[in-house]
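Asks: Once you've had a glance at the structure underneath, I'll fire off some questions.
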Amino acid sequence: MSEAPDHNALIRSIARRTLAPIGLRQRGRSRTWLDDQGWWLIVVEFQPSSWARGTYLNVGAMWLWREMDHVAFEFGGRIGEFVDVEKASDIAGEIDHLARRAASEVQRLRHALTTPIQAARELLNKPAAGGWDFLHAATAAAVAGDPDMSFGALDRIEPSGLDAPEWQQRFWQEAQVLRSEVSNPAALQARLSEAVQRSRASLKLPEWKGSLPFAPRPAA
């Protein structure tokens, strides 16, 4: 029986050939690729398994105004089935297929989440949307200059009780901070801009000279 190919090398090679030309960068030597949009990221991960040699494919977006030191899939996620090196008749072909699916999903997310208002609408329409979806939607709507949509999203967040876990109470406090800032764009812009820069530093992303695309509020 011939030795199975080095699937890690295949993933690196095929991802480089497919994802680098459309602007993604490999994160170190990992199986993760990033599409850097300044204040948000698209993450492509060829996720290994603990029980077999091969890969899953995860593609999703994350927003850097939530301070993060690791990549996350806050919109999007698993695509397709696990590719098993031992069972695939054409492992290079199957990995190539995954990489092409990843590229297609990246393009879709770029189009769907281009502006904060698009992000807010997508998050609010997300099936089985939960607390973080509503908080990100409220943040995006506030950045887009739509306080009514922002408050509406915040109203969908369930309050935490005194006996709630600490993380849930912190989340509720974050929602209340945002609520207080929706009508104070200067404070909101300063806080979110700093959060984006801290997230980028924690994730070791290149320096970003851009700024959050805050929209002017409509005249009263």
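Asks: Return yes when ARG108 is of a type outside the set (Gly, Ala, Ser), exposed (fewer than 14 other Cβ atoms within 10 Å of the Cβ), assigned to a helix (DSSP H, G or I) and free of Cβ contacts under 8 Å to residues at least 24 places away in the same chain and no when it is not.
Replies: It is true that ARG108 is of a type outside the set (Gly, Ala, Ser), exposed (fewer than 14 other Cβ atoms within 10 Å of the Cβ), assigned to a helix (DSSP H, G or I) and free of Cβ contacts under 8 Å to residues at least 24 places away in the same chain.
Asks: Within the stretch 172-220, which residues are among the aliphatic types (A, V, I, L, M) and closer than 26 Å to THR32 by Cβ?
Replies: Once the filter is applied, which keeps residues that are among the aliphatic types (A, V, I, L, M) and closer than 26 Å to THR32 by Cβ, the stretch 172-220 yields LEU192, ALA195, VAL196, ALA201, LEU203, LEU205, LEU212.
Asks: Inside the stretch 119-129, can you point out the residues that are aliphatic (A, V, I, L, M) and either under 19 Å from TRP167 (Cβ atoms) or part of a helix (DSSP H, G or I) (or both)?
Replies: Matches in the stretch 119-129: ALA119, ALA120, LEU123, LEU124, ALA129.
Asks: A further question follows. How many residues does the stretch 13-60 contain that are in contact (Cβ under 8 Å) with a residue 24 or more places away in the chain, part of a loop (DSSP other than H, G, I, E, B) and not hydrophobic (A, V, I, L, M, F, W, C)?
Replies: Here the count works out to 6.
Asks: Inside the stretch 146-159, can you point out the residues that are surrounded by fewer than 18 Cβ atoms within 10 Å (Cβ to Cβ) and within 22 Å of the chain's Cα centre (by Cα)?
Replies: Answer for the stretch 146-159, where residues must be surrounded by fewer than 18 Cβ atoms within 10 Å (Cβ to Cβ) and within 22 Å of the chain's Cα centre (by Cα): just ARG156.
Asks: Somewhere in the stretch 158-169, is a residue under 21 Å from LEU64 (Cβ atoms), of a type in the set (Asp, Glu) and at pLDDT below 95?
Replies: Filtering the stretch 158-169 down to residues under 21 Å from LEU64 (Cβ atoms) leaves 167.
Then keep just the ones that are of a type in the set (Asp, Glu); that gives none.
Checked the stretch 158-169: no residue is under 21 Å from LEU64 (Cβ atoms), of a type in the set (Asp, Glu) and at pLDDT below 95.
Asks: For a quick check of your reading of the model, give me the residue pairs whose first member lies in the stretch 90-103 and is without any contact (Cβ under 8 Å) to a residue 12 or more places away in the chain, whose second is part of a loop (DSSP other than H, G, I, E, B) and not polar (S, T, N, Q), with beta-carbon atoms closer than 8 Å and at least 6 apart or on different chains.
Replies: Partner pairs satisfying both residue conditions: GLU94/ALA88.
Asks: Follow-up. Which of the residues belonging to the stretch 23-59 are of a type in the set (D, E, K, R) and modelled with pLDDT of 95 or more?
Replies: ARG25, ARG27, ARG31, ASP35, ASP36, GLU45
Asks: Across the stretch 129-151, what is the number of residues that are within 20 Å of PRO216 (Cβ to Cβ) and either hydroxyl-bearing (Ser, Thr, Tyr) or touching a residue at least 24 places away in the same chain (Cβ under 8 Å) (or both)?
Replies: The qualifying residues number 13.
Asks: Name the single residue, out of those in the stretch 30-75 being more than 15 Å from LEU109 (Cβ to Cβ) and of a type in the set (Asp, Glu), that is surrounded by the fewest Cβ atoms within 10 Å (Cβ to Cβ).
Replies: The extreme case among them is ASP69.
Asks: Go through (1) surrounded by fewer than 20 Cβ atoms within 10 Å (Cβ to Cβ); (2) touching a Lys or Arg at 6+ places or on another chain (Cβ under 8 Å); (3) not polar (S, T, N, Q) and name the single condition LEU162 misses.
Replies: Of everything listed in (1) surrounded by fewer than 20 Cβ atoms within 10 Å (Cβ to Cβ); (2) touching a Lys or Arg at 6+ places or on another chain (Cβ under 8 Å); (3) not polar (S, T, N, Q), LEU162 misses just condition (2).
Asks: Got a number for residues in the stretch 178-212 being in contact with a helix residue (DSSP H, G or I) (Cβ under 9 Å, 6 or more places away or on another chain) and under 20 Å from ILE42 (Cβ atoms)?
Replies: 7
Asks: What helices (runs of 4 or more DSSP H), lying completely within the stretch 130-189, carry at least 1 residues that are over 21 Å from ALA119 (Cα atoms)?
Replies: 166-181
The values are calculated or read from the model by the stated rules, or taken from the named source; none is laboratory data. The structure displayed is predicted, hence computed values, not measured ones. Ideal geometry is used to build each Cβ from the backbone, glycine not excepted, and the neighbour counts take in all protein chains shown.
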